[in-house]
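Visitor: Structure incoming, see below.
All of the numbers you see were taken from the coordinates with simple rules; none came from a lab. Computed from a prediction, not measured in an experiment: that's the story for all the values here. When we count neighbours, we look across all protein chains shown, and the Cβ atoms used for this are built from the backbone with ideal geometry, even at glycine.
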Amino acid sequence: MNNLKKRQAADGAVVAGLGVWLLIHSVTHLLNMKAKASWIMSPYLFPLILAGAVIILGLTILIPAFAADDRKETTDQEKHGNSLRVFILLAISIVYDILMRFAGFIPSTAAVVLAMTAFLGERRLKILIPMAVFTPVVLTLIFKVGLGVRLP
Amino acid sequence: MQTIQGILPLMTDLRFIFFVMIGAVSGLFVGAIPGLSVSMATALLVSITYTWQTSDAMATIMGVYVVGVFSGALSAILINIPGAPSSVVTTLDGYPLSKSGNAYKALVYATWYSFIGSVFGLVVMGILAGPITAMALRFHPMDYFLLALFGLTTVGGLTSRNFSKGLVSACIGIFFSLIGMDSVMGTPRLTMGIQNLKAGIPTVPALVGLFGFAEVLTVVCQGITDGKVLRIHQEKILLREVFREFPRSMLYCVIGTFVGALPGAGGPVASFLAYGQAKRIVRHPSRPFGEGAVEGIVASESANNACIGGALIPMLTLAIPGDAVTAIILSVFYIHGLQPGPTFLKTGKIHFYEILAGGLIACVFLLLLGLLVAPRISKVINVPKRILLPIVVVLCVIGAYACNRRVFDVELMFFFGIVGFILRRRGFPIAPITLGLVLGGMMDSNFRRAVSLASTTPNPILSMFGRPITVILLILTVSALLGQTPVVKKLLRKKNISV
């Protein structure tokens, strides 16, 4: 099984797994209903149908992975990317979320813009510092003062 | 006549024109800068325009939508990177033409035919909205359910190479739309014990995450590369020469409007189809296709801009969005307390006129900005991504927070950004998630209503599927589903070969 097939099989398995989870969740709620006659109006009727569809779709991705042609064309999924950079960016975003709760919009945005711009490759202080200072201030002026949008 | 009378006051209202202009100028930059998208900008606008008057919000959004779709062609022509997915085909001839020193010519053709396409689509919308609404008034709950299902089936098939993955994306969108308090029984559903989810998944943070933050993560993952902008030398181009392609552009406009009206198909499909037609019907192109043929630019740009009017038709008359942007515009309607659908032309006539007038005014701005400003903003298109991306992240945070003023929504936005990023990496398209998210609630309530109504009749199956409209929709949905199965595809291919 080549990498492409493995990825396809993994995708199919995850999708089918999610479908099974939704199926169990929906069936449990339908069975626990007090008035059995009202299953038609149950909020879990549609999720149950959706679960069935997701399982079938998961299988239609999973099964061909075992029979797929080796010469299958390269897909976008095969393009490699830098996952570490994504994790770092996500970490900065999480820190941003936490900082925003304690420090407010302007200081947290200034810190995060500085960190993110530097992380993305900008090394010149004459760009980094004005970016960090002006971005939150200008955005506050535009959104809060100009457009009346509430900021975090 | 009534429509013309309705839009005329708006077309002379300076405040309305001003808001369209703001949207148009924003659309020019947002559409032209790769990494920013019209969907992202519209999603952000939803939260910003939350407290605005509905007419101002509609005017701005139409400005962004119309000019944003066009300006994707700028970066396609100047740096060979399409600013929007619908401009991918424009790169095929636009960039080679620019490379040969005719960037201005490419821009002029793209501007004029984007203008013609947009006007055509909007005029068709103005004409067809009434008759479609009259037909939609006869729809029953099952018809709505099937129509939405048909939309999701087509979008699943058209947005991904793997049909199943497209449908999985649609199902994911529906799943998220079902989270929250059930509107019929009033009980929480799929909230997994999270108190903040009881009110459901708010559309705006989800859309901002899927289109904004996910895009940032994708760009960072792929590595930051900034394209090289070609120089523009203004040359004299005769209008007579430009309009030589006008008769053929009408065909591309028809293709664009029709494809746009199909739920989920959108600009990329329309421009590919129109380009294919152009290659077939243009016997003596100015240059070979793919090497700078203006006929290719004409086909792509008229079709993808004609999609705008087409996509708005099902959104306004049936509440079924034609593409991701109209799905977002639909959420603007809901936020402002409007209810698109068969009764919209009666109850919200003024807002229909606002959309139409806003679109037509935006077309004028498209022409002005495209001919006068676009050739001068080539430097701005190439804003370094290391500067642009942190600002986009902050804008996503503002957009997600602004609607409900909850930090939880910012966290939801990050969550949807990660979901969108992972799904994209694994080959699952994002557009069906948006449609599923917007349509899921409507599908659920209409399905249960249809089943509930049918359960009281002697023949429930006949009651649900016995009407002609329902049968047609059922046949369409089933054929859209079966048409994508490997067995049917193989059969069709064999038949084509034997023919």
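Visitor: Per residue of A:55-63, how many C-beta atoms from partner chains lie within 10 Å of its own C-beta, taken as a mean?
Guide: 4
Visitor: Placing +1 on the Cβ of each Lys and Arg and -1 on the Cβ of each Asp and Glu in the protein assembly as shown, which of B:Gly440, A:Leu125, B:Tyr65 has its Cα farthest towards the positive end of the resulting dipole?
Guide: Positive-most Cα among the choices belongs to A:Leu125.
Visitor: Another question, if that's okay. Classify the stretch B:248-319 from the C-alpha gyration tensor, please: rounded if a/c falls under 1.5, else prolate or oblate depending on whether a/b exceeds b/c.
Guide: Because a/c hits 1.5 or more and a/b exceeds b/c, the stretch B:248-319 counts as prolate.
Visitor: Please give the average number of partner chain Cβ atoms lying within 10 Å of the Cβ of each residue in B:394-401, rounded to a whole number.
Guide: Neighbouring Cβ atoms belonging to other protein chains average 6 per residue here.
Visitor: What does the extension gain come out to for B:Lys236 and B:Thr485, with contour length at 0.36 nm per residue minus their alpha carbon separation?
Guide: Gain on stretching B:Lys236 to B:Thr485: 84.4 nm.
Visitor: Could you sort B:307-318, B:109-120 so that the peptide with the highest average Cβ count within 10 Å comes first and the rest follow in order? Don't skip to the end; give the middle numbers.
Guide: Working: B:307-318: 29.2, B:109-120: 27.6.
The most tightly packed comes first, giving B:307-318, B:109-120.
Visitor: Hey, another quick one. Around B:Arg189, which amide H atoms from residues at least 5 apart in sequence, or from another chain, sit under 5 Å from its own amide H, with H modelled in the peptide plane?
Guide: Residues meeting the criterion, in which the H sits 1.01 Å from N, are B:Gly180, B:Met181, B:Asp182.
Visitor: Sticking with this structure for a sec: Per residue of B:217-223, count partner chain C-beta atoms within 10 Å of its C-beta, then hand back the mean as an integer. Could the numbers behind the result be given before it?
Guide: Values: counts 7, 2, 3, 10, 10, 6, 4.
So the per-residue partner count for this stretch is 6.
Visitor: Taking square-rooted eigenvalues a ≥ b ≥ c of the alpha carbon gyration tensor, is the stretch A:3-69 rounded, prolate or oblate, where a/c under 1.5 means rounded and, failing that, a/b exceeding b/c means prolate?
Guide: Prolate is the answer for the stretch A:3-69, as a/c is 1.5 or above and a/b outweighs b/c.
Visitor: Is the protein assembly as shown best put as rounded, prolate or oblate by its Cα gyration tensor, with a ≥ b ≥ c the root eigenvalues, rounded for a/c under 1.5, and otherwise prolate when a/b is larger than b/c, oblate when not? Intermediate results must be reported in sequence, preceding the final value.
Guide: On the way: a/c = 1.34, a/b = 1.17, b/c = 1.14.
Because its axes are fairly even, with a/c under 1.5, the protein assembly as shown counts as rounded.
Visitor: Relative contact order of chain B: what whole-number percent is it, with Cα pairs under 8 angstrom and at least 6 residues apart?
Guide: Computed value for chain B: 28 percent relative contact order.
Visitor: Separate question: Net charge within 14 Å of B:Ser183 by Cβ-Cβ distance, Lys/Arg positive one each and Asp/Glu negative one each, not counting B:Ser183 itself?
Guide: Summing Lys and Arg as +1 and Asp and Glu as -1 gives +2.
Visitor: Using alpha carbons only, how many angstrom separate the centre of the stretch A:109-150 from the centre of the stretch B:58-120?
Guide: The stretch A:109-150 and the stretch B:58-120 have Cα centres spaced 30 Å from each other.
Visitor: When the helix-only estimate is applied to chain B (DSSP H runs of n ≥ 4, each -39,500 (n - 2.57), divided by the residue count), what is the mean residue ellipticity at 222 nm, nearest 500 deg cm²/dmol?
Guide: -23500 deg cm²/dmol
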